[in-house]
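Please find one structure pasted underneath; my questions will follow.
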Amino acid sequence: MIRRAESDADLAAHAAIWSSVRPRDTVSGEFVRGRLEREQERLYLLAEHEGKVVGCAITTGTSFPGRKYVAVGVESEHRLRGLGTALLERCLEHARSLRAEVVVGSVWEDDEEALAFAERRGFAEFERGVEFVLELSPAQLPAAPPEGIEIVQLAPEHYPSAHQVWLEGVCDIPSTDAPSPMPFERWLEESIAKELALVALDGEEVVGFAALEDRDREAGVAGNDLTTVRRSHRRRGIAEALKRTQLAWAADHGYRTIVTGQDEANLGMRRLNEKLGYRPLPGSIMFRRSLLEDP
């Protein structure tokens, strides 16, 4: 049986299955609930077999107009029974109801079964990403920012300028597609919901932005969001100072593991992550499928 996940118990079950089938992307029920509250059109699905939850799926928005993200996960012992296909079809149906023209999804490059599943269902590769994980030390120390730069937590007086810095950073991500600007209201809602959002100040000017989100507090896992610096201030050590401040804060607040991902072609950020001790994992492959070509 495929059904929508809506109650707290359902969302906790969704998080548990998701974390089981994608252990590098663990999340908590609270994380799932928060995402749903901020995006009412988001769809969470559960697949049940004999009263037990054995699979899950997601349809969610992206910062691209006309594009939705879909993901499906089924426990290994319950695969090859049509559950994954049934979950995906419900996700595609929901995306069509939202007038999506394209759906995208990501698969770990070493997951041959998932790669084959995506390709058999009309998805084609269009982008690759690199995944990293960092095990924090209990006394992670921040680095002093460059002279004249101050790292502070995001505050109301920073909102408009921080959004512009964020947009500039997103537009500079090496990608096959040019991202569309996320509306200020949505960016703000997402940013203030993060566990930690930082800005770098040059005097009163916002020149950098970084955020950290809770993924699973009980497991001690947090995720880096976009870290970016205004073009005029890059290559001065500001991004490193932002990241080190994040890591020190995370260690001080009980987190033990930080996960992050980036575009494969973003070599500068990859070098910085490796300098900070992040360990590379098998990368991710982004797939997409046009809904306009569906019968």
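The values are calculated or read from the model by the stated rules, or taken from the named source; none is laboratory data. As the structure is a prediction and not an experimental result, all values here were calculated from the model. Glycine gets a Cβ as well: all are built from the backbone with ideal geometry, and neighbour counts include every protein chain shown.
May I ask you to list the residues in segment 155-172 that are exposed (fewer than 13 other Cβ atoms within 10 Å of the Cβ) and either part of a helix (DSSP H, G or I) or at positive phi (or both)?
The answer is 156, 157, 160.
Which of the residues that make up segment 84-125 are within 20 Å of residue 5 (Cβ to Cβ) and without any contact (Cβ under 8 Å) to a residue 60 or more places away in the chain?
Within segment 84-125, 84, 85, 88, 89, 91, 93, 94, 97, 98 qualify.
So residue 217 fits all but one of (1) within 25 Å of residue 267 (Cα to Cα); (2) in contact with a Gly (Cβ under 8 Å, 6 or more places away or on another chain); (3) not aromatic (Phe, Trp, Tyr); what number is the exception?
Answer for residue 217: the failing condition is (1).
I want to confirm something. Restricting to segment 241-279 and keeping residues that are modelled with pLDDT under 90 and touching a Lys or Arg at 6+ places or on another chain (Cβ under 9 Å), which single residue is surrounded by the most Cβ atoms within 10 Å (Cβ to Cβ)?
In this case the residue turns out to be 262.
Another question, if that's okay. Looking only at segment 215-230, decide whether some residue is of a type in the set (A, V, I, L, M, F, W, C) and under 29 Å from residue 98 (Cα atoms).
Yes, there is a match, as at least one residue in segment 215-230 is of a type in the set (A, V, I, L, M, F, W, C) and under 29 Å from residue 98 (Cα atoms).
Here's another thing I want to ask about it. Scan segment 227-242 and tell me whether some residue there is acidic (Asp, Glu) and either more than 30 Å from residue 125 (Cα to Cα) or under 15 Å from the mean Cα position of the chain (by Cα) (or both).
yes
If you don't mind, another one. Pick from 152, 54, 130: which is buried (at least 20 other Cβ atoms within 10 Å of the Cβ), under 30 Å from residue 208 (Cα atoms) and not acidic (Asp, Glu)?
After applying the criteria, what remains is 130.
State all residues of segment 227-247 that are assigned to a loop (DSSP other than H, G, I, E, B), in contact with a strand residue (DSSP E or B) (Cβ under 7 Å, 6 or more places away or on another chain) and not polar (S, T, N, Q); if no residue qualifies, say none.
Hit for segment 227-247 is 230, nothing else.
Against the definition (at pLDDT 95 or above, outside any loop (DSSP other than H, G, I, E, B), charged (D, E, K, R) and out of contact with any Cys (no Cβ under 8 Å at 6 or more places or on another chain)), how does residue 289 come out, yes or no?
When the stated conditions are applied, residue 289 passes them.
Can you confirm whether segment 37-48 contains a residue that is under 17 Å from the mean Cα position of the chain (by Cα), part of a strand (DSSP E or B) and within 17 Å of residue 289 (Cα to Cα)?
No, there is no match, as no residue in segment 37-48 is under 17 Å from the mean Cα position of the chain (by Cα), part of a strand (DSSP E or B) and within 17 Å of residue 289 (Cα to Cα).
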